[in-house]
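Trainee: One structure coming up, written as structure tokens, with questions to follow.
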Amino acid sequence: MADDLTIQTGGKDGGIVINDDWPGYSLELFNYPKHYSGDLECVYIPHGVIMDRTERLARNIMGDLGDHDIVVLCVLKAGYQFCADLVERIKALSRNSDHTLPMSVNFIRLKSYVNDQSTEDLHIVGAEDLSFLTGKNVLIVEAIVDTGKTMKTLLKHVEAFRPKMIKVAGLLVKRVPNSSGCLPDYVGFEIPNRFVVGYALDYNEYFRDLNHICVISESGKLKYKV
Ligand code: IMP
């Protein structure tokens, strides 16, 4: 690794911890699209809580990186919603405080999941040439870190273009036994090892149009299995 490249992973603030015994909220307590009735077990993290946590992450990022130019690298597809909301909140802080964080936003698409299983096969689709990151402060924005394999592969790929600094923001980090140990610098929530959908997280492309983070039901898994 180059001397001038700082990669600081290790989760200073590990995020809001959701314990293994958290049953989630009954679906009856919230609105969700009727086309998913029967496909969900519970509301795991309501949309409002996601937004409030994102607002705080934006403040932490602003505190650490404010007054530097950054390149936000949004990891598609699942990261689009979190990235959009995080960028919105950083923009609001830039408008309303003495600090400012000039940002450009770019996208990279990765794919490794079929059904609810991670595959060895990680594809980087589009933006393979990331030479625009050379010498820049990069903030990678991801929806979820499970085993951490995706993040590890992506960091290696990004590092090759010699950015000045890399930070990672991940909305969710799963507690899994086979974790690569690679953790984001900014974490929204640490969650148990359950398959979650919504807020742009999908199961075979379904459930991105759900605003809460929910646990998929067994019948939902069967219905949308490929
Ligand atoms: P990892 O390489 O095992 O960390 O997997 C990360 C990727 O798997 C994420 O970018 C997601 O696309 C996908 N993923 C992992 N867990 C979930 C989940 O619970 N719901 C939806 N997608 C998930």
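Trainee: Among what's in region 36-48 and is in contact (Cβ under 8 Å) with a residue 24 or more places away in the chain and in a helix (DSSP H, G or I), pick the residue that is farthest from Gly24 (Cα to Cα).
Mentor: Among those that are in contact (Cβ under 8 Å) with a residue 24 or more places away in the chain and in a helix (DSSP H, G or I), it is Tyr36.
Trainee: Among the candidates Ser112, Ser118, Ser104, single out the residue that is at pLDDT 90 or above and small (Gly, Ala, Ser).
Mentor: When all the criteria are applied, what remains is Ser104.
Residue-by-condition table, conditions (1) buried (at least 24 other Cβ atoms within 10 Å of the Cβ); (2) at pLDDT 95 or above; (3) over 22 Å from Phe207 (Cβ atoms):
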{"site": "Thr147", "(1), (2), (3)": "no, no, no"}
{"site": "Val173", "(1), (2), (3)": "yes, yes, no"}
{"site": "Ser179", "(1), (2), (3)": "no, no, yes"}
{"site": "Cys182", "(1), (2), (3)": "no, no, yes"}
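Trainee: Select the strands (runs of 3 or more DSSP E) contained entirely in region 148-221, then report the ones holding at least 1 residues which are of a type outside the set (A, V, I, L, M, F, W, C).
Mentor: Output list reads 165-174, 186-191.
Trainee: Okay, moving on. Given (1) in contact with a helix residue (DSSP H, G or I) (Cβ under 7 Å, 6 or more places away or on another chain); (2) assigned to a loop (DSSP other than H, G, I, E, B), identify the lone condition not met by Gly135.
Mentor: Of (1) in contact with a helix residue (DSSP H, G or I) (Cβ under 7 Å, 6 or more places away or on another chain); (2) assigned to a loop (DSSP other than H, G, I, E, B), only one is false for Gly135: (1).
Trainee: May I pose another question? Could you please find all residues in region 55-69 being in contact with a His (Cβ under 9 Å, 6 or more places away or on another chain) and modelled with pLDDT under 90?
Mentor: Correct list: Gly66, Asp67.
Trainee: Give the residues of region 201-211 that are of a type outside the set (Lys, Arg) and either under 14 Å from Lys34 (Cβ atoms) or surrounded by fewer than 23 Cβ atoms within 10 Å (Cβ to Cβ) (or both), sorted by residue number.
Mentor: Asp202, Tyr203, Asn204, Glu205, Tyr206, Phe207, Asp209, Leu210, Asn211
Trainee: One residue is enough: does region 196-211 have a residue meeting the conditions more than 23 Å from Met62 (Cβ to Cβ) and away from the ligand (no atom under 12 Å from the Cβ)?
Mentor: So far as region 196-211 goes, yes, one or more of its residues are more than 23 Å from Met62 (Cβ to Cβ) and away from the ligand (no atom under 12 Å from the Cβ).
Trainee: Search region 74-108 for residues being in a loop (DSSP other than H, G, I, E, B) and under 23 Å from His123 (Cβ atoms), and hand back the single one that is nearest to the ligand (Cβ to nearest atom).
Mentor: Checked region 74-108; the qualifying residue nearest to the ligand (Cβ to nearest atom) is Ala78.
Trainee: Look at Arg56 and say whether it is over 17 Å from Val138 (Cα atoms) and free of Cβ contacts under 8 Å to residues at least 24 places away in the same chain.
Mentor: yes
Trainee: Could you figure out which of (1) within 16 Å of the ligand (Cβ to nearest atom); (2) free of Cβ contacts under 8 Å to residues at least 40 places away in the same chain isn't true of Ile144?
Mentor: Checking Ile144 against (1) within 16 Å of the ligand (Cβ to nearest atom); (2) free of Cβ contacts under 8 Å to residues at least 40 places away in the same chain, the one that fails is (2).
Trainee: Do you know which of the residues in region 147-166 that are in contact with an Asp or Glu (Cβ under 8 Å, 6 or more places away or on another chain) and within 20 Å of Asn193 (Cβ to Cβ) is nearest to the ligand (Cβ to nearest atom)?
Mentor: By that ranking, first place goes to Thr150.
The values are calculated or read from the model by the stated rules, or taken from the named source; none is laboratory data. In this text, all values refer to a predicted model and were calculated from it rather than measured experimentally. Quick reminder, even Gly has a Cβ in these numbers, built from the backbone with ideal geometry, and neighbours come from all protein chains shown.
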